[in-house]
1. Can you give the Rg to Rh ratio for the stretch 104-258, taking only C-alpha atoms and Rh from Kirkwood?
2. How much length, in nm to one decimal, is gained on full extension between residue 130 and residue 61, taken as 0.36 nm per residue of separation minus their Cα-Cα distance?
3. How would you rank 62, 123, 96, going from fewest to most other Cβ atoms within 10 Å of each one's own Cβ?
4. Report the equivalent ellipsoid semi-axes for the stretch 29-98 in whole Å, largest first, defined as the square roots of five times the eigenvalues of the gyration tensor built from alpha carbon atoms.
5. Could I have the simple spin-label model distance between residue 142 and residue 71, label points 7 Å from Cα toward Cβ, reported in nm to one decimal?
Amino acid sequence: MSNVAVMCPAPGRNAVFLPSRVMSVPSPRGARRAQDVRRLRDLLRSALLANRFSDGPLPPETRLMSAYGATRAAVREALAMLRAEGLIERLPGVGTHVMVDPPRTEMDEALGVRRGAMDVYATPPRILDRSTVPAPDTLAAALGVEPGTPVLRLEYVAMNDGLPAGLATNYMVFPEAERLRDTPFHGHWYQLMADAGVVLGVSEFVIDCVAADPESAALLGVPPGAPLLAMEQTIADPTGRVIDVAFVRVRPDRFRFVSRATASHLL
């Protein structure tokens, strides 16, 4: 993982982080300290996931204290929280190092309508199931077919640098499914579709968060109950006909979405 040295700003009135001194609602000292630690954790977490701590350890505690106007205790607690997330590791005599580097993926790339960062998933996925099954009522309604219609179920674990990043279960209608059934699956889902000659027209995500069930946890290498991004995806062909419905679970520490929008002149 590549990293850059961090230039810590000098402390001052305009420092990014300053301990709370005045609040509109009185708060006990312990609550103020917890807020300070949480805010510092968020700032450091954002910086390390944006790859701003690179080519070496994080700055020492004294520099972090100066840069963020924080106490030593707050710095240590914030780093402990990041370590508990598995984002950093602190080694005596070596320093604090970033342990993860999840790819940042633009939303339109994740949806498959533009090529880009999804190509990091060059490691072949671990295929769990590739079989034809009858569509139950609710799935049939989503796909616009009759209940019991045969569909291709393709389930796999997406890999990033040899590590599990996501679990996906896709249900695709025929005749598109016929093309995917025997096509080698070398990288990500959209590459498989392209290799099979299946053209994507419209792609939609509905995203929320769920706790990992025991099977998903085992497949993704996380403890049961760990938070996962949950996505329901619908893919239609260029005519608007739905051809695929997918249920996806993603490790948030190994995949980051970037969403960007431009304000309308009508607003």
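Nothing in this text is a laboratory measurement; each read-out follows from the coordinates by a stated rule. Everything quoted here is computed from the prediction, not taken from an experiment. Please note: Cβ atoms are built from the backbone with ideal geometry, for glycine as well, and neighbour counts cover all protein chains shown.
1. Values: Rg = 14.8 Å, Rh = 15.7 Å.
My calculation puts Rg/Rh at 0.94.
2. On the way: separation 69, 0.36 × 69 = 24.84 nm, distance 5.12 nm.
In short, 19.7 nm is gained.
3. Numbers: 62 11, 123 16, 96 21.
Lowest count first: 62, 123, 96.
4. Details: eigenvalues 74, 31, 27 Å².
For the stretch 29-98, the ellipsoid semi-axes come out as 19, 12, 12 Å.
5. Rounded to a tenth, the inter-label distance reads 5.0 nm.
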